[in-house]
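I have placed the structure first, in the form of structure tokens, so that the comments after it can refer back to it.
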Amino acid sequence: MRRVCWFRSDFRLTDHHMLHRVLKDADSSDDVEFVFWLNPKYCEPFETRHDYFFATMRQFMDELKENGLGLRVLVADTAEQFVESLGELDALYFNAEYVEPFKQRDDAVIEALGQDVKVIRLLDRHLFAPNAFTKKDGDPYKVYTPFKKAAYAEAPPAPYEVDIEMLKQLVTTDNVVPIELQHQFDRCERSWKALGEAAAKRRLHDFVNNRIDAYDVDRDIPAIAGTSRLSPYLRTGVLSIRTVAEAVRSAPKSSGRDTYYDELLWREFYYMIMVQFPGLKDRPFNDKYKHLDWENDEENFKAWCDGKTGYPIVDAAMRQLNETGWMHNRLRMIVASFLSKHLMIDWRKGERYFEQKLIDYEAASNIGGWQWAASVGTDAVPYFRIFNPTTQSEKFDRDGTFIRKYVPELADLDKKAIHFPGLAERDGYVDPIVDHKEARARALERFKQAQ
């Protein structure tokens, strides 16, 4: 039999459901091939997230080669072309994507394959299936706390064993780099650190052994390494969510450990919401806000994107995103609240900007986070809770260390003035594009009118 393993965002060889399953199914006489579908139209415009993704893919292909394995990259614009380029096969394996548009893509491939090819579609990117937990009446949860309670009652799945030596005996593929893929590799300009599965596991080990105990406090301070920084590895599949969950749950009990595991469950919750309630990328979960009166202000939106709002913590955060492709989680909440409430600009514009820039972009978590901050989502922050960026800055970047790193115009200010300089202290730095009190009053009025 010819068994094909279709890699997507799962660039690893260990704890891999697809590889575990194909080894379980295959006989010694079977041929196993590794393939990847490259659709060039999804690479335009080429953003920071593409740079990171293809750098990671190149690293994975190098790791495959070191193990005597390889990945055949197929270039196609449609599911039909992809299936045609696969040639004759008996079984196609892949790790499922349940969120659109990827589920739609996968369904199209299955349809194009026809009835004669066995399709093995496996849960891998998440701990639990999207319908794993429901209320007593069978409806999906809409609030995180009861969902979390149900999830805590269920042990997450253990990592899957993968016999790499057995893979070497079965896999017939060498690395195939078509010109279209080489073009993407050539466009990668950044020198990313700690790429690949081994580096990801080292980072996980360091976090669990040295920093997780203080996570519940340190995670809010952007100037220190208080978060795990594992999200890019989860996004590209370099690290399995099961491996992370097992390491976290094996750590000594602490408030930091429990808080981090709760964050993993927030990831599960938002993914469940996206699957059970389709279309949330383009509409608010809370229907009463679907006609909210947003501002159509391109000048202010550009100022927000460029980190030139005149609010130092907001600008530092946006510059971190633009420069690194990543943003600290506390800052994601601050800038999302600022855009959707201080500027009253539609949250969907901010969500799409994050999609372009974030190397750890996952639709469910990003959309869920944006709807939470904009008070239009499920289990969202109340609309009247409007982050004051200055007090957030004073609380979480007390000495201005983070601001100084990304807003060097303010580096010489003292730790009090740096959070919101007076007009006379803004030499070389922009004035505020909105007044906090006026913006807050406008937001409260708009949200009241929408109800």
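The values are calculated or read from the model by the stated rules, or taken from the named source; none is laboratory data. Because the structure is predicted, anything quoted here is derived from the model rather than measured. With ideal geometry, Cβ positions are generated from the backbone for all residues, glycine too; neighbour counts draw on all protein chains shown.
None of K193, K201 is under 30 Å from E263 (Cβ atoms), within 22 Å of the chain's Cα centre (by Cα), assigned to a helix (DSSP H, G or I) and among the basic types (K, R) except K201. Considering the range 378-434, and only residues there that are part of a loop (DSSP other than H, G, I, E, B) and among the β-branched types (V, I, T), the residue that is modelled with the lowest pLDDT turns out to be V381.
Inside the range 247-293, can you point out the residues that are within 30 Å of D213 (Cβ to Cβ), of a type in the set (A, V, I, L, M), in contact (Cβ under 8 Å) with a residue 60 or more places away in the chain and touching a Lys or Arg at 6+ places or on another chain (Cβ under 9 Å)?
Once the filter is applied, which keeps residues that are within 30 Å of D213 (Cβ to Cβ), of a type in the set (A, V, I, L, M), in contact (Cβ under 8 Å) with a residue 60 or more places away in the chain and touching a Lys or Arg at 6+ places or on another chain (Cβ under 9 Å), the range 247-293 yields only L265.
Tell me which residues, restricted to the range 130-139, are surrounded by fewer than 18 Cβ atoms within 10 Å (Cβ to Cβ) and touching a residue at least 12 places away in the same chain (Cβ under 8 Å). The answer is N131, A132. Close Cβ contacts (under 6 Å, 6 or more residues apart or on different chains) running from residues in the range 41-67 that are more than 28 Å from I164 (Cα to Cα) to residues that are charged (D, E, K, R) and part of a helix (DSSP H, G or I) comprise F46/R187; T48/K357. Restricting to the range 153-194, and then to whatever is out of contact with any helix residue (DSSP H, G or I) (no Cβ under 8 Å at 6 or more places or on another chain), among the polar types (S, T, N, Q) and within 16 Å of V73 (Cα to Cα), can you tell me which residue is surrounded by the most Cβ atoms within 10 Å (Cβ to Cβ)? Across the range 153-194, the extreme among qualifying residues is T173.
Residues that are assigned to a loop (DSSP other than H, G, I, E, B) and in contact with a strand residue (DSSP E or B) (Cβ under 6 Å, 6 or more places away or on another chain) were ranked within the range 38-73; the one that is surrounded by the most Cβ atoms within 10 Å (Cβ to Cβ) is L71. Only one of the listed residues (D315, D282) is of a type in the set (D, E) and buried (at least 24 other Cβ atoms within 10 Å of the Cβ). That residue is D315. Quick check on the range 307-342: of everything there that is over 18 Å from R49 (Cβ atoms) and of a type in the set (K, R), which residue is nearest to the chain's Cα centre (by Cα)? Within the range 307-342, the match that is nearest to the chain's Cα centre (by Cα) is R330.
Can you say whether T236 is under 26 Å from E47 (Cβ atoms), crowded, with 16+ Cβ neighbours inside 10 Å and among the β-branched types (V, I, T), as far as the supplied structure shows?
yes
When residues of the range 434-451 are filtered for being loosely packed, with under 11 Cβ neighbours inside 10 Å, among the basic types (K, R) and under 24 Å from D287 (Cα atoms), how many remain? Of the residues in the range 434-451, 1 are loosely packed, with under 11 Cβ neighbours inside 10 Å, among the basic types (K, R) and under 24 Å from D287 (Cα atoms).
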